[in-house]
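First comes the structure, then the notes that go with it.
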Amino acid sequence: MDIFKILAFTLVALVVILIVEKTNKEIGILLVLVASICVFLSVFMSVKEIIIVLKKLADGAGINHAYLELLLKVTGIAYLVEIVKNVCMDAGNSTLASKTELAGKVSIAILAIPLITNVVSLIGSVI
């Protein structure tokens with residue numbers, strides 16, 4: 001990942017979007033979504049390196065890979081929800097943005113149920 005290429009792409013996309021939005025707001029919103037996806041995908045390609053390091057750290061600390069997988073899923077959901085929420089806000093639809101954020105929070109809570117269950121069981125066995 002070359003952050004300078006991503007920043008340059010983002011600035012060029014912004015200028016194009018601002019020009020297009022003057023004549024066609026709907027196409028401007030679509031361009032925002034496409035540019036956001038492009039930036040996300042370029043960053044996502046570099047995530048593999050982070051995952052490798054996290055797996056090594058988890059192995060060294062004796063942490064179950066299921067917890068690492070959960071952490072990565074939750075982080076991914078949070079980032080994707082943030083992107084979609086911001087696109088909704090840019091489009092002027094705060095209601096849809098808030099519902100998107102709610103859906104993300106519920107999805108994360110559902111993913112966390114096994115972890116919460118394990119923590120409660122652990123606490124119950126200690127007490």
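Details
- Over all other residues within a Cβ to Cβ distance under 15 Å of residue 97, the charged ones net out to 0, with Lys and Arg as +1 and Asp and Glu as -1.
- Normalised by residue number, the volume inside the convex hull of the Cα atoms of segment 66-121 is 53 Å³ per residue.
- Phi angles across segment 74-81 convert, under the Karplus curve 6.51 cos²θ - 1.76 cosθ + 1.60 with θ = phi - 60°, into 3J(HN,Hα) values of 4, 4, x, 4, 4, 5, 5, 4 Hz, Gly and Pro given as x.
- ³J(HN,Hα), Karplus 6.51/-1.76/1.60, whole Hz, each residue of segment 66-73, x for Gly, Pro: 5, 5, 5, 4, 4, 4, 5, 5
- Summing charges over all other residues whose Cβ lies under 15 Å from the Cβ of residue 75, with Lys and Arg as +1 and Asp and Glu as -1, gives +1.
- Links that overshoot a 29 Å alpha carbon limit, given the list 22/105; 22/85; 25/85: 22/105
Bear in mind these aren't lab numbers, they're just calculated from the coordinates by the rules spelled out. All of these numbers come straight from a predicted model, not from anything done at the bench. Don't worry about glycine lacking a Cβ; one is built from the backbone with ideal geometry, like all the others, and counts go over all protein chains shown.
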